[in-house]
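All remarks here apply to the structure that follows.
The values are calculated or read from the model by the stated rules, or taken from the named source; none is laboratory data. Keep in mind that what you see is a predicted model, and the values were worked out from it rather than measured. Don't worry about glycine lacking a Cβ; one is built from the backbone with ideal geometry, like all the others, and counts go over all protein chains shown.
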Amino acid sequence: MRATLAAVAPGTELRDGLERILRGRTGALIVLDDSPDVVDLCTGGFELQVPFSATRLRELAKMDGAIILDRDVTRIVRAAVQLVPDSDIKTRESGTRHRTAERTAKQTSVPVVSVSQSMSLVAVYVGDQRHVLDSSSQILSRADQALATLERYRARLDEVAGTLSALEIENLVTVRDAASMLQRLEMVRRISNEIAQYRVELGTDGRLIGLQLSELVGGIGLSRELVVRDYAHQASTVRSEADILHSIDALTATDLLNLGAVARCLGFHGSTESLDTSVFPLGARLISRIPRLPPTISDRLIDHFGGLQALLAAGIEDLTAVEGVGEWRARVVREGLSRLAESSIMERYV
């Protein structure tokens with residue numbers, strides 16, 4: 001669906017053609033692929049095989065029947081075609097054009113665009129999904145609200161991350177702290193994905209939205225995966241990282257607000273008593289913040305020392321005992337951890 005929305009976003013010639021059809025108050029049924037499955041559903045009409053243009057699309061839409069484009073939307077393959085999808089396919093639509101569009105999309109797995117003449121709206125069908133295109137002003141309004149929400153979420157995430165770092169340095173982390181961090185990361189991820197969807201729908205009108213989104217989510221990277229790696233190995237039910245992330249993704253908006261539900265995704269019981277249980281990080285998240293330290297070296301350090309506290313206590317000689325860590329890199333790690341520890345404590349108590 002996202003790829004299809006990008007193809008019909010403002011700034012594309014296809015979107016220009018759709019807007020011309022809307023202004024002309026005519027309907028249209030447009031299939032965005034000429035695969036054999038689509039051809040099998042076609043009867044009547046005529047072949048064109050001409051380069052695509054918005055004006056040609058508008059003129060062909062005046063005729064009854066569907067318009068078939070190639071996959072890349074560079075050529076108009078057929079026009080005035082009657083599509084005959086399987087009538088047994090269930091559809092939620094009532095209008096003939098929209099019913100045909102939905103059934104064709106479900107049967108062929110090809111994107112289909114339906115322009116309603118009476119309601120002046122454009123609906124996109126991809127498989128079982130249906131999406132109605134809104135105007136840029138409507139999408140921009142929703143995107144601005146989402147960006148304001150993301151800004152608040154990011155500020156709160158930074159606070160939680162700073163607190164967790166200080167607690168990790170002091171060896172005072174509980175399940176509640178780890179779950180809070182995962183909760184905030186997931187909230188930021190979800191609202192970021194929503195804004196990214198708006199960015200796709202806006203096309204050329206969404207450039208500034210994209211820049212703001214990049215600035216707000218910068219530096220988060222693989223934080224969710226690193227938090228899971230730090231704490232999941234101590235859970236009563238040990239699960240793979242992929243399973244944990246999938247469980248977090250599946251949480252409803254209501255469940256995500258419940259720290260017990262997030263803790264259960266990690267493998268902990270999630271009760272009030274369990275949330276106050278002490279846990280001890282491996283140090284993956286903090287080590288990732290040391291500049292110029294390759295991930296392979298980070299993994300070796302974690303495997304060698306087995307925990308953040310042991311790593312913090314390690315001297316230069318201890319660090320150089322790890323494969324691939326020479327004296328120069330050992331000093332980088334030692335100084336990096338010292339700076340992180342100092343800054344985390346300062347942020348928490350000053």
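What is the residue count in region 109-120 for residues that are in a strand (DSSP E or B) and either at pLDDT below 90 or not assigned by TED's automatic domain parsing to the domain that holds ILE89 (or both)?
1
Residue-by-condition table, conditions (1) among the polar types (S, T, N, Q); (2) assigned to a helix (DSSP H, G or I):
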site	(1), (2)
ARG176	no, yes
LEU182	no, yes
ILE191	no, yes
GLN197	yes, yes
LEU226	no, yes
VAL238	no, no
ASP255	no, yes
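Taking the criterion of being closer than 20 Å to LEU5 by Cα, in contact with a helix residue (DSSP H, G or I) (Cβ under 6 Å, 6 or more places away or on another chain) and outside the structural domain of GLN212 (by TED's automatic domain parsing), would at least one residue in region 92-108 satisfy it?
Yes, because at least one residue in region 92-108 is closer than 20 Å to LEU5 by Cα, in contact with a helix residue (DSSP H, G or I) (Cβ under 6 Å, 6 or more places away or on another chain) and outside the structural domain of GLN212 (by TED's automatic domain parsing).
Mind listing whichever residues of region 257-276 are surrounded by 16 or more Cβ atoms within 10 Å (Cβ to Cβ) and in a loop (DSSP other than H, G, I, E, B)? First the steps, then the outcome.
Let us first name the residues in region 257-276 that are surrounded by 16 or more Cβ atoms within 10 Å (Cβ to Cβ), namely 259-270, 274-275.
Selection gives GLY267, PHE268, HIS269, GLY270.
Within region 329-349, is even one residue closer than 19 Å to VAL227 by Cβ and outside any helix (DSSP H, G or I)?
no
Do we find a residue being at pLDDT 95 or above, closer than 30 Å to THR12 by Cβ and either in the same structural domain as ARG339 (by TED's automatic domain parsing) or surrounded by fewer than 20 Cβ atoms within 10 Å (Cβ to Cβ) (or both) anywhere in region 151-158?
For region 151-158, residues at pLDDT 95 or above, closer than 30 Å to THR12 by Cβ and either in the same structural domain as ARG339 (by TED's automatic domain parsing) or surrounded by fewer than 20 Cβ atoms within 10 Å (Cβ to Cβ) (or both): present.
Does ASP88 satisfy the condition of being within 30 Å of the chain's Cα centre (by Cα), on the phi < 0 side of the Ramachandran plot and of a type in the set (D, E, K, R)?
no
Condition first: loosely packed, with under 12 Cβ neighbours inside 10 Å and either within 20 Å of LEU164 (Cβ to Cβ) or touching a residue at least 24 places away in the same chain (Cβ under 8 Å) (or both). Now tell me which residues in region 295-312 satisfy that. Spell out the reasoning first.
Pass one, region 295-312, residues loosely packed, with under 12 Cβ neighbours inside 10 Å: 295-296, 303.
THR296 - this is the single residue of region 295-312 that is loosely packed, with under 12 Cβ neighbours inside 10 Å and either within 20 Å of LEU164 (Cβ to Cβ) or touching a residue at least 24 places away in the same chain (Cβ under 8 Å) (or both).
Sort through ALA123, ALA148 and tell me the only one that's farther than 21 Å from LEU222 by Cβ and modelled with pLDDT under 95.
Residue meeting the stated conditions: ALA123.
For region 218-247, name all the residues that are in contact with an Asp or Glu (Cβ under 6 Å, 6 or more places away or on another chain) and free of Cβ contacts under 8 Å to residues at least 40 places away in the same chain.
none
Find all pairs meeting these conditions: Cβ atoms under 7 angstrom apart; at least six residues apart or on different chains; first residue within region 254-270 and among the acidic types (Asp, Glu); second residue in a helix (DSSP H, G or I).
ASP255/ALA261
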